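Here's the structure we're looking at; comments come further down.
Values in this text are rule-based calculations from the coordinates and carry no lab data. As the structure is a computational prediction, the values presented were derived from the model and not from experiment. Using ideal geometry, Cβ is built from the backbone for each residue, glycine included, and neighbour counts are taken over all protein chains shown.
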Amino acid sequence: MNVRIQPSILSADFVNFERDFESISAADGIHVDVMDGHFVPNLTFGAPMVRRMQEITKLPLDVHLMIENPDHWASEYAQIGVFSVTVHFEACSDPVKVAKSIQQHGVRAGISVKPKTALSEVANCLEAFDQLLIMSVEPGFGGQSFIEDSLSKLSKAKELIEHSGKDIWLQVDGGVDENNISSIASAGADTFVAGSAVFKAADRNAQINRLRSLAESAKI
Ligand code: DX5
Ligand code: ZN
């Protein structure tokens, strides 16, 4: 089982992305949080910034859209040629159509659920997607504590994925750090977003490697 560590740049220096990207070169990808100030009470940046990020790094960009109306906007991000685009189930009118609008650009499509959204709600559309993102904090801000209930949600999500027989990645986002990543990996996650746990570390690449190795050991 592959383990992927994706630092969230919500905890990076917003006027020094190029320097901060270089400081996380050991990562498997960069998690890019797009927030519109409506779907979540915080605002980051839009497609022009993501396009520029794509030009300054070779690491795959994993775009997490915390925005309203992803049915309209998701393909604009996919067109940039990023690695993956994840939309929120709660904001989609037609999740399967959104998945296709992303995948038609050769980009992986992800579906995300907020902590209070039941997995049963996404079960019907899950197979249209390449990855499922379980939010383990209320989306909007970095540095929050991991919601413990997310562990059982991840285990159930893992069962749903196995039942589908498809190679759908199981991603977790929010409050992931060196103290809890082992139990999160044991619950079934394979793709780990970590913002503050990576960016606060004195040696960010060492921290990424440590997180990866803890997750890998827990999975065996
Ligand atoms: C929260 C974002 C996360 C956030 C994670 O809404 O989606 O990606 O940056 O940050 P940490 O790891 O600090 O909880
Ligand atoms: Zn995120």
- prompt: So, with +1 on the Cβ of K and R and -1 on the Cβ of D and E, and no other charges, what is the size of the charge dipole of the chain about its Cα centre, to the nearest 20 debye?
  reply: 280
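Just to be sure I understand: of the beta bridges DSSP finds with both ends in the stretch 4-219, what percent are antiparallel, rounded to 5?
Numbers: 1 of 32 bridges.
Counting DSSP beta bridges with both partners in the stretch 4-219, the antiparallel share is about 5 percent.
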- prompt: Taking N as the number of residues in the stretch 117-220, what is its Cα Rg relative to 2.2 N^0.38 Å?
  reply: 1.07
- prompt: Around Glu121, with a cut-off of 11 angstrom between Cβ atoms, what is the net charge of the other residues, counting Lys and Arg +1 and Asp and Glu -1?
  reply: +1
- prompt: Kirkwood hydrodynamic radius for the chain: how many Å is it when counted over pairs of different Cα atoms?
  reply: 17.0
Dipole of the chain, positive end: most advanced residue of Phe21, Gly143, Asn69 [Cβ charges, Cα centre]: Phe21
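Counting only other residues whose beta carbon sits under 12 Å from that of Ile161, what net charge do I get with K and R as +1, D and E as -1? Could the numbers behind the result be given before it?
Details: positive: Lys156, Lys158, Lys166; negative: Glu127, Asp130, Glu159, Glu162, Asp167, Asp190.
Residues near Ile161 contribute -3 overall.
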- request: Among Leu133, Leu160, Leu65, determine the one that fluctuates most according to a GNM of the chain built with springs between C-alpha atoms less than 10 Å apart.
  value: Leu160
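Pairs to check: Lys153/Lys200; Lys158/Lys200; Lys58/Lys200. Give those whose C-alpha atoms are more than 26 Å from each other in this structure. Don't jump to the answer; show the numbers that get you there.
Numbers: Lys153/Lys200 28 Å; Lys158/Lys200 30 Å; Lys58/Lys200 23 Å.
Distance filter (> 26 Å) returns Lys153/Lys200; Lys158/Lys200.
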- prompt: Roughly how many nanometres apart are two label points built 7 Å out from the Cα toward the Cβ at Ala218 and Ser152?
  reply: 1.8
task: Tell me which residues come under 5 Å, amide H to amide H, from Ala194 once H is placed; ignore anything under 5 positions away on its chain.
output: Gln6, Ser8
- prompt: Among Ile24, Ile134, Ile80, which one moves the most in a GNM of the chain with springs linking Cα atoms closer than 10 Å?
  reply: Ile80
statement: Per the 1/(1 + (r/R0)^6) rule, R0 = 22 Å and r from the Cβ atoms of Ile56 and Gln79, FRET efficiency to 0.05 is 0.75
task: Show which lysines lie in cross-link reach of Lys156 when reach means a straight Cα distance below 21 angstrom and same-chain residues fewer than eight apart are skipped.
output: Lys114, Lys116, Lys166, Lys219
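Suppose a student asked you for the relative contact order of the chain, using Cα pairs under 8 Å spaced at least 6 residues apart; what percent would you report?
Values: 457 pairs, mean separation 45.9, N = 220.
Once divided by the residue count of the chain, the mean separation gives 21 percent.
Expressed in nm to one decimal, what extension gain is obtained for the pair Ser164 and Asp13 from 0.36 nm per residue of sequence separation less their Cα-Cα distance?
On the way: separation 151, 0.36 × 151 = 54.36 nm, distance 3.96 nm.
This chain segment gains 50.4 nm when fully extended.
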task: Using only Cα atoms, figure out Rg for the stretch 1-103 and give it as a multiple of 2.2 N^0.38 Å.
output: 1.05
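Work through the residues other than Ala215 whose Cβ is under 15 Å from its Cβ and net out their charges, Lys, Arg +1 and Asp, Glu -1.
Working: positive: Arg4, Lys158, Arg210, Arg212, Lys219; negative: Asp28, Asp173, Asp177, Glu178, Asp190, Glu216.
Taking every Cβ under 15 Å from that of Ala215, the sum is -1.
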